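Here's the structure we're looking at; comments come further down.
The values are calculated or read from the model by the stated rules, or taken from the named source; none is laboratory data. From a predicted model like this one, the values you see are computed outputs, not experimental measurements. Because the Cβ atoms are built from the backbone with ideal geometry, glycine has one as well, and the counts that use them run over all protein chains shown.
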Amino acid sequence: MSVAVDLRACGFTHADGTRALLPTDLAIRAGETLAVLGPSGCGKTTLLRLIAGLAFPDPPGRVLFDGRDVTRLPIERRNVGMVFQSYALFPNLDVAGNVGYGLRLRNVPRAEREERVARWLAMMRIPELAHRRVDQLSGGQRQRVALARALAVEPGLLLLDEPLTALDAKLREELRVEVSALLRELRITAVFVTHDQAEAMALGDRVAVMRAGRIEQVGTAEEIYHRPATRFVAEFVGTLNVLAGTVQDGALHLPGGTLPANGLAPGPAVAACRPEQLRLDPEGTLSGRVTAAFFLGDRVRVVIEGAAAGPITLETTGAGPRPGDIVRLSAAPPAPWRLPGP
Amino acid sequence: MGRDRLALALLAAPAIAFLAAFFLLPLALMLRTGATGPDGWATYVLVLGNPRYLASLWKTVALAAAVTAATLVVSGIAGVFLARNRFRGRRVLTAFLTLPLAFPGVVIGFMVILLAGRQGVIGELTMAVAGERLVFAYSLAGLFVGYLYFSIPRTVLTVMAAAEKLDPALEEAARSLGASPWAVVRDVILPGLKGAFLAAGAICFATAMGAFGTAFTLATRIDVLPMVIYAEFTVGANIAVAAALSFLLGAITWVVLAAARTAAGGTVAAAG
Amino acid sequence: MRPRRGAGFAAGVAFTGLVAVFLIFPVFLSVLAGVTANYQRGVFASGVTLAWVERVLDLYAHTIGLSLGLALATLACTLVLGVPVAYALARNPGRLARLAEEALVMPVAIPGIATGLALILAWGAVGGFRTHWTFILVGHVLFTLPFMVRATLAVMLAVNLPTLEEAARSLGAGFLARFRTVVLPNAAPGILAGSLMVVTLSLGEFNMTSDAAHAVHHDPAGRACRLLRLDAARDRLGLHARLPGPARSPPRRSAMGIRPRLRP
């Protein structure tokens, strides 16, 4: 049912000569969910369109589904389900008409079609919307209809283009949980494109981080977060504290004190750590002045200056310090770690 | 992708072929016909140097420009007003303002005669009030009224459509910054409607340049260019001059439209 | 909708109302003239009659039918030619498409008399085409096609057809299925608006007809033609307006000195 996707040297150049995607290799396993993460204009949507068959790679790029070459096959013959950023629901059809559209094209008998549409609407928990016009739906409802429509044809591959971007924050989180559960349950290969790193890490079995037409790193959310392959990945995913200083006598010397070198090579060094890898510690060897503290409910985010060359951020629970306080910090291994080059 | 391109080309082909056969080719032939007179290609230059034709050309352009300006002012005010206010009777007013879309130029000429002709209402009124009969149907003024009559409905529709699309937040933002009603009109509404004005104005100008039925009904004395062309062709049998004048008329109108579109930075003829 | 309406609103209503009167009053007048027994003497002096309407219907029923038929034929042609080309333009953002669009709109930009003359010069000598009703049909289609294309194109662009089509493709729809199930239904409002405009313009557009027709009629070669039936209605209207004195009999000469042709 679910297919494995293999991109071989797939690049894409627009008609006007701009390179949207440099030749890229990417293997997506059957049944996995791959999140493609990157800033706008990085080529992630192009990558999705190449997989979908809405665009074709520059020669000699090839697209394989389960080892079968589908490079020249247009989307209508690839049996993929696609959820568009704008949802692209057909305004001339009602909800049931939209969900059943693909089945109608496949000449599924009416009775069976209705039964399958009803099943998908129930699965999406919107059975009462069957005969609603699509312009009467809320954003979340549209999203569910779009998903049901894409899944109703039982595609081997589900493609989602910024599927949750258009929703407000609370709904987005709700749907994120639901979509995640759905994808696990269906065990369908899914590729979704997003610029929201939290979404990518929550939904993707693996995350591909892209920049400027190139995939910088593919890995699990943990790998991406804790072992970024490039400085761009480190900075783009999560909050990053850059610790530039000198390693000497087993310690990283910074403007506001020292941190354990943690295996960094002696000499000038650019290290980094994540906010949760630092903690307020009266015994700490690094000190700085608090310039801002944000109460986030379950934790307090504290911005400190003077410790490193730039501001650094850490998160703490309980009553946080106030702006103006001088605080001392320590780092928990594996921090600080070496920040990879660009 | 390639197959789609082919299909799209096939879809476009009939209309393009029709246009080529019945519009582009005839225009090209007309351009050549203009040079078949005794003066050859010089006909075009001579026509422009002829005081009678030149005067007629200026008169036509001036009339079209005046009609366009008046139409834009009238339909601009009425259209924005109708688009931005909801009141009882609005639908009826809107229907009235758009009804004459359906009348041919000839009928409009006839109406102008009823209005300002020898037995016209205005004549009767001025006769009763001032003791003198005001008759202007058969002059340029009559033509002006007639053109205004059929230009307003088309323009009102375009203006209304554009005014309804204006973001009300823009006006609210301007007012929050202390803009007076006049400043709102000048800085928000007019710039927002610029495209619609250019589009509708261009169509209005083009129509007024070439409208023939109205002029024909009103009188043959009004020597706007279309009438001159008609006279040259039918009475004077001066086919080369008629063709040259037609071509020039078309070229001038088209240039004005193209200029308006460049100014609007997009699709002017969308006015329809 | 502000609850309180000031002088500005009143002025707006007054102005718009005046414009409406300007547009409607002549219509009222012409209806009145149409049922006035003797327009020269006025409606009150001479009374009301339906004789003129009857006579027009009697003499020109055929003409009216012909204009309706012509309008419908024009509509059919603009649908067949215009909708596909609008779709092609909506799908194609290229320079060539913009050029085609420009050419398609040009007939609106070029005055009807120029186009009419050009048509006669180019096709007037081709067989019996010039005396055939399809000659006028060509003129009408030429002039109304841009309106159909524009109305359809505007809606196609507004509903974001490319994305809807991509969605349909992802569900397995080929070119024809897409055109039938996605393009046409979603462009329908535009096609309908375009159709209304085409029929209205075709019924109303005497310019093109009369330009072509008159020029042919007064052709120096002296070839009159019978395709000018539509034009007869025009003469009739002009004539009605300037009916001399008490004459009630069908007039022999029109006010423009053109001999009424075509006795049906």
- Which of the residues that make up segment A:57-84 are touching a residue at least 12 places away in the same chain (Cβ under 8 Å), of a type in the set (D, E, K, R) and in a strand (DSSP E or B)? A:D58, A:R62
- From B:I113, B:I122, residue being of a type outside the set (K, R), buried (at least 23 other Cβ atoms within 10 Å of the Cβ) and not in a loop (DSSP other than H, G, I, E, B): B:I113
- Could you figure out which of (1) in contact with a Leu (Cβ under 8 Å, 6 or more places away or on another chain); (2) within 23 Å of C:F143 (Cβ to Cβ); (3) modelled with pLDDT of 85 or more isn't true of B:Y53? (2)
- If you go through segment B:61-82 one residue at a time, do you hit one that is over 19 Å from B:A208 (Cα atoms), outside any helix (DSSP H, G or I) and either among the small types (G, A, S) or in contact with a Lys or Arg (Cβ under 8 Å, 6 or more places away or on another chain) (or both)? no
- By my count, strands (runs of 3 or more DSSP E) wholly in segment A:146-213 with at least 3 residues that are in contact with an Asp or Glu (Cβ under 9 Å, 6 or more places away or on another chain) are A:189-194, A:206-211
- Test: A:L339 is touching a Pro at 6+ places or on another chain (Cβ under 7 Å) and buried (at least 20 other Cβ atoms within 10 Å of the Cβ): no
- Item | Single condition B:L193 does not satisfy, out of (1) more than 11 Å from chain C (Cβ to nearest Cβ); (2) buried (at least 22 other Cβ atoms within 10 Å of the Cβ); (3) under 30 Å from C:A114 (Cβ atoms) | (3)
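Can you tell me how many residues in segment C:189-206 are at the interface with another protein chain (Cβ under 8 Å from one of its Cβ atoms) and either touching a His at 6+ places or on another chain (Cβ under 8 Å) or crowded, with 18+ Cβ neighbours inside 10 Å (or both)?
Looking only at that region, the number is 5.
What about C:P162, is it surrounded by fewer than 21 Cβ atoms within 10 Å (Cβ to Cβ) and either in contact (Cβ under 8 Å) with a residue 60 or more places away in the chain or outside any loop (DSSP other than H, G, I, E, B) (or both)?
yes
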- Query: Mind checking which residues of segment C:166-188 are part of a loop (DSSP other than H, G, I, E, B) and surrounded by 21 or more Cβ atoms within 10 Å (Cβ to Cβ)?
  - Reply: C:L171, C:G172, C:A173
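Within segment C:149-156, can one find any residue that is crowded, with 24+ Cβ neighbours inside 10 Å, facing another protein chain (nearest Cβ under 7 Å), assigned to a helix (DSSP H, G or I) and at pLDDT below 90?
yes
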- Message: Looking at A:Y87 and the list (1) assigned to a helix (DSSP H, G or I); (2) aromatic (F, W, Y); (3) under 22 Å from C:V159 (Cα atoms), which single condition is not satisfied?
- Response: (1)
- Message: Given the criterion within 12 Å of chain C (Cβ to nearest Cβ) and of a type outside the set (G, A, S), identify the matching residue among B:L134, B:L157, B:L143.
- Response: B:L157
- Message: Here is a list: A:V300, A:V247, A:V270, A:V242. Which entry is crowded, with 20+ Cβ neighbours inside 10 Å, of a type in the set (A, V, I, L, M) and at pLDDT 85 or above?
- Response: A:V247
- Query: Could you count how many residues in segment B:25-47 are hydrophobic (A, V, I, L, M, F, W, C), closer than 27 Å to C:E102 by Cα and in contact with a helix residue (DSSP H, G or I) (Cβ under 7 Å, 6 or more places away or on another chain)?
  - Reply: 6
- Could you give me the residue pairs with C-beta distances under 6 Å whose first residue belongs to segment B:5-22 and is closer than 12 Å to C:A86 by Cα, whose second residue is at pLDDT below 90 and among the charged types (D, E, K, R) wherever it lies, and which are 6+ apart or on separate chains? B:L8/C:R91
- Would you tally the residues in segment A:109-125 being surrounded by 17 or more Cβ atoms within 10 Å (Cβ to Cβ) and either modelled with pLDDT under 90 or in contact with a Gly (Cβ under 6 Å, 6 or more places away or on another chain) (or both)? 4
- Exactly one of A:P109, A:P91 is within 11 Å of chain C (Cβ to nearest Cβ), under 23 Å from C:P185 (Cα atoms) and not small (G, A, S), and that one is A:P91
- Message: Just to check your reading of the model, which residue among A:L259, A:L329, A:L252, A:L314 is touching a residue at least 12 places away in the same chain (Cβ under 8 Å), touching a helix residue (DSSP H, G or I) at 6+ places or on another chain (Cβ under 8 Å), in a strand (DSSP E or B) and of a type in the set (A, V, I, L, M)?
- Response: A:L314
- Query: Among the numbered criteria (1) over 31 Å from the mean Cα position of the chain (by Cα); (2) more than 13 Å from chain B (Cβ to nearest Cβ); (3) modelled with pLDDT of 75 or more, which single criterion is violated by C:G47?
  - Reply: (3)
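Regarding B:A200, is this residue in contact with a Lys or Arg (Cβ under 8 Å, 6 or more places away or on another chain), of a type in the set (G, A, S) and under 26 Å from B:W254 (Cβ atoms)? Before you say what the answer is, go through the steps one by one.
Values: in contact with a Lys or Arg (Cβ under 8 Å, 6 or more places away or on another chain): yes; of a type in the set (G, A, S): yes; under 26 Å from B:W254 (Cβ atoms): yes.
Yes, satisfied.
Checking the structure you have, find out if any residue of segment A:219-240 is β-branched (V, I, T) and in a strand (DSSP E or B).
For segment A:219-240, residues β-branched (V, I, T) and in a strand (DSSP E or B): absent.
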- Item | All positions within segment B:9-43 that are over 29 Å from C:I136 (Cα atoms) and part of a helix (DSSP H, G or I) | B:A42, B:T43
- Pairs, please: C-beta under 8 Å, at least 6 apart or cross-chain, first residue closer than 13 Å to C:I113 by Cβ and in segment B:232-247, second charged (D, E, K, R) and assigned to a helix (DSSP H, G or I)? B:A242/B:E232; B:L245/B:E232
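Condition check ((1) crowded, with 18+ Cβ neighbours inside 10 Å; (2) under 23 Å from the mean Cα position of the chain (by Cα); (3) of a type outside the set (V, I, T)) across all residues:
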site	(1), (2), (3)
A:I28	yes, yes, no
A:E32	yes, yes, yes
A:L73	no, no, yes
A:L129	yes, no, yes
- Does any residue of segment C:112-120 turn out to be crowded, with 23+ Cβ neighbours inside 10 Å, within 12 Å of chain B (Cβ to nearest Cβ) and outside any helix (DSSP H, G or I)? no
- Just checking, which of B:V80, B:V112 is within 11 Å of chain C (Cβ to nearest Cβ), closer than 30 Å to B:P181 by Cβ and not aromatic (F, W, Y)? B:V80
- Task: List the number of the failed condition for B:V235; all other conditions in (1) aliphatic (A, V, I, L, M); (2) within 9 Å of chain C (Cβ to nearest Cβ); (3) surrounded by 20 or more Cβ atoms within 10 Å (Cβ to Cβ) hold.
- Result: (3)
- Query: Going by the conditions given, is A:F84 more than 28 Å from A:G17 (Cα to Cα) and facing chain C (nearest Cβ under 8 Å)?
  - Reply: no
